[in-house]
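The values are calculated or read from the model by the stated rules, or taken from the named source; none is laboratory data. Please read these numbers as outputs of a predicted model, since none were measured by experiment. Reconstructed Cβ throughout: ideal geometry from the backbone, glycine too, with neighbour counts over all protein chains shown. Each accessible area value is taken on the protein alone, full model and side chains, heavy atoms only, with ligands, DNA and RNA left out. Shrake-Rupley method; radii C 1.70, N 1.55, O 1.52, S 1.80 Å.
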Amino acid sequence: MNFIELKDLKLTPHVIQKYPPPKHAAVVIDNGSYESRVGWSTSDKPLFCFRNFIAKSRKERERILPTQIGNDIVNIEGIRHQLRTQFDKNVVTHFQAQEQIFDYIFGHLGVNTDSCVPHPVVLSECFANPNHSRQLMSELLFECYDVPSICYAFDSICSLRRNKVSKDVLIVSFGYHTVHVIPVLNHKVIHTKVRRLNVGGFNMINYIHRLMQLKYPVHLQALTLGKMEDLLKNHCQVSEDYMEDLKKWANADFYDQNIRKVQLPFAIQQPALTAEQKLEKRRELSKKLVEITTRKRHEKLKEDEEQYEIMTNIWNLLEVGDMRSFQQALKDNNLENKNELEKLMISVKTRADRSRIKLSQPPQPIEEKVTAPAAPIPPPGISIDDWVEEVKKKRSDIHEKKQFRYKRRQDLAKRRTAAAQERMRIISHLAKKEKGTDDFGMRDEDWDVYKVISRENDSDSEVENEKLIEFEDVLRHYDPNYEDPTIASGIGTAEYHQLHIGLETMRTPELLFQPSMMGSSEAGIGELIEFVLKMFTAEEQLRLANGVFITGGCGQFPGLKERLSTELLKMRPFQTPHKIYVARDPSLDAWYGLRDLGRRSNLKDFSFTKNDYYEKGAEYFKDHDMGNLYFKTPVVVEQDIRFEN
């Protein structure tokens, strides 16, 4: 059994560029829907990574709290309702937020954005990015930041080129919102046969969050999305055979050996203080108050002495006859004449003398008598041991009666129990009309039937509760083996604030293979790969199956490679080989691929300049083997249709 301390989600702090930006270097931005990775084309690794969202306060107009971006957001969970992102799924749609993200990026790279950004930009985009989104992105970079050129490329191909797997590859790109299956033959992407699954890390985080909320409804406040994201990253794994693993978890021994206990924060319940401890606490508090009061009196005395010295100097000017300086000093200190100065001097001197007297007196100690609660006295003619045993028996009898009544109330709530049937028999007997008229209630003895119906009084009496308090007081004083029920119950202990994570560690990533678990009608990854492969010939299928490449942040789950191997074994013909590759760093290889693209001497062949932007339109870009294909948006010609009589 693994015991884990669950910590709040903490983002890796960014590294601020302290040196001038390198000349002629390209700005490399992997603009992911979960995280942005930023650096120069001359960098060995990303200079900083940050979560791709902003927190805009509602009081922004009053400038009480500025907009926070990325890693500058200290308390993510506290302002999660204010978080905004520029993405809708994996497509950039909110360009006001994207502009703030770019300001954040260029500012931390040391680029002065007031004039322009004199560096080429290499930027990632999603597969089949809509022309409208790319058009607005180009407009933002060219018009607002005046960049010299832009090169677009999509992340999965950049990651593939970084790892140099093969010329024939079937890319399975796991993203935050989507999963793409991209076939590549002879280093060329077959764009028409790419398919997408709308399941990703975002769905898995929300799924495990819902599972834990249903499992632990008493800890709803502690089950934050940040903690669920930490659970997904560090403790979840893909099951190679989901149904077989479900059977394993049904075994109690397997459960005890593999369950993971996650500790939530909790407040330790302090034991009740004794009379001596309460008195000592009051003495410490009184001592602190005396120290604070003494310090304030010293400060006030010092101020009065300084003020009295100033007024004495002013009075000396009057005595030496320097009336001009005397009048100016009165004016500077907001005094009108000599009489007001004299009154103020007497008042300040009196206040200072009073403070000196109080400071010279020692503080009065607190003298209080410790009044311990009186112990109950045993009745005469009985020993303490016999009395304790008698009290135990009476206390046990009361608990048995309370338990019996509790069970009876539960039985009465059920229709087919003996207690409920007896109750209904009595009520039915009363309902019979043996006479012509129903005169029930006219006689006092008629009402005694309710005593029969509610015999063995269903509710706990106050007398019994008072007796229990009395008995527990006796046992607390005279029985050394007595355990206080409030302490023995364990309320507030660590065990009551633990999450037992077991089946959820494999159930959550199973969404990638069975989206129906969250109510989605889409196929899983296995069916999606099989669908894509069937669009090729048998020879091409064999080439693609021998080069399955896993990349993307969600591709880091343990067991994912083995599960995909099992899925391929099921769908491929008998004894047909297949091979699966995993990116060296599924999260960062896309940025490294973009960086390698930015280092090329022929980067201008992949980029389009501001002149191209003005000449060929805002939606234009240069398509290449690492990016999307360029298709011009068709122009819709409006026809003037006139109806004639």
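Points worth noting:
- Only listed residue being in a helix (DSSP H, G or I) and either in contact with a Cys (Cβ under 8 Å, 6 or more places away or on another chain) or more than 14 Å from HIS497 (Cα to Cα) (or both), chosen from GLU240, GLU244: GLU244
- Residue selection: ALA545 fails the criterion of being open to solvent by less than 20 Å² (accessible area, probe 1.4 Å) and closer than 29 Å to PHE202 by Cβ.
- The single condition among (1) over 30 Å from LYS193 (Cβ atoms); (2) modelled with pLDDT of 95 or more that THR113 does not satisfy is (2).
- So ASP88, is it farther than 20 Å from LEU47 by Cα and acidic (Asp, Glu): yes
- Those residues of the stretch 100-151 which are surrounded by fewer than 21 Cβ atoms within 10 Å (Cβ to Cβ) and basic (Lys, Arg), in sequence order: none
- Test: residue in the stretch 1-11 that is open to solvent by 100 Å² or more (accessible area, probe 1.4 Å), at pLDDT below 95 and acidic (Asp, Glu): yes
- Within the stretch 192-219, being open to solvent by less than 30 Å² (accessible area, probe 1.4 Å), within 30 Å of ASN628 (Cα to Cα) and under 14 Å from the mean Cα position of the chain (by Cα) holds for one residue alone: ILE205.
- Cβ-Cβ under 6 Å pairs, at least 6 apart or on other chains, the stretch 21-50 side within 17 Å of SER149 (Cβ to Cβ), far side of a type in the set (Val, Ile, Thr): PRO21/VAL111; PRO22/THR42; ALA25/THR42; ALA26/VAL122; VAL27/VAL121; VAL28/VAL122; ILE29/VAL38; SER41/VAL28
- Hey, GLU562 at pLDDT below 95 and either out of contact with any strand residue (DSSP E or B) (no Cβ under 8 Å at 6 or more places or on another chain) or open to solvent by 70 Å² or more (accessible area, probe 1.4 Å) (or both) or not: no
- Residue within the stretch 600-607 that is in contact (Cβ under 8 Å) with a residue 24 or more places away in the chain and over 16 Å from ARG134 (Cα atoms) present: yes
- Selected residue (only one of VAL391, VAL370 is modelled with pLDDT of 85 or more and open to solvent by less than 80 Å² (accessible area, probe 1.4 Å)): VAL391
- Taken over the stretch 155-168, the criterion of being buried (at least 22 other Cβ atoms within 10 Å of the Cβ) and in contact with a strand residue (DSSP E or B) (Cβ under 8 Å, 6 or more places away or on another chain) is satisfied by ASP155, SER156, ILE157, CYS158, SER159, LEU160.
- One residue stands out among those in the stretch 80-114 that are of a type in the set (Val, Ile, Thr) and out of contact with any helix residue (DSSP H, G or I) (no Cβ under 7 Å at 6 or more places or on another chain): the one that is nearest to LEU225 (Cα to Cα), which is ILE101.
- Subset of the stretch 237-253 (residues that are over 21 Å from GLY526 (Cβ atoms) and open to solvent by 90 Å² or more (accessible area, probe 1.4 Å)): LYS248, ASP253
- Any hit, the stretch 481-494, residues being among the acidic types (Asp, Glu), surrounded by 14 or more Cβ atoms within 10 Å (Cβ to Cβ), more than 30 Å from ASN186 (Cα to Cα) and at pLDDT below 95: no
- The listed residue being of a type in the set (D, E, K, R), in contact (Cβ under 8 Å) with a residue 24 or more places away in the chain and closer than 30 Å to LYS467 by Cα, out of LYS358, LYS402: LYS402
- If you filter the stretch 227-236 down to residues that are in contact with a helix residue (DSSP H, G or I) (Cβ under 9 Å, 6 or more places away or on another chain) and surrounded by 16 or more Cβ atoms within 10 Å (Cβ to Cβ), you find that the one that is nearest to GLU77 (Cα to Cα) is LYS227.
- Filter result for VAL189 (open to solvent by 30 Å² or more (accessible area, probe 1.4 Å), more than 18 Å from PHE557 (Cα to Cα) and aliphatic (A, V, I, L, M)): no
- Selection within the stretch 532-583 - closer than 21 Å to HIS187 by Cα and in a helix (DSSP H, G or I): VAL532, LEU533, ALA538, GLU539, GLU540, GLN541, LEU542, ARG543, LEU544, ALA545
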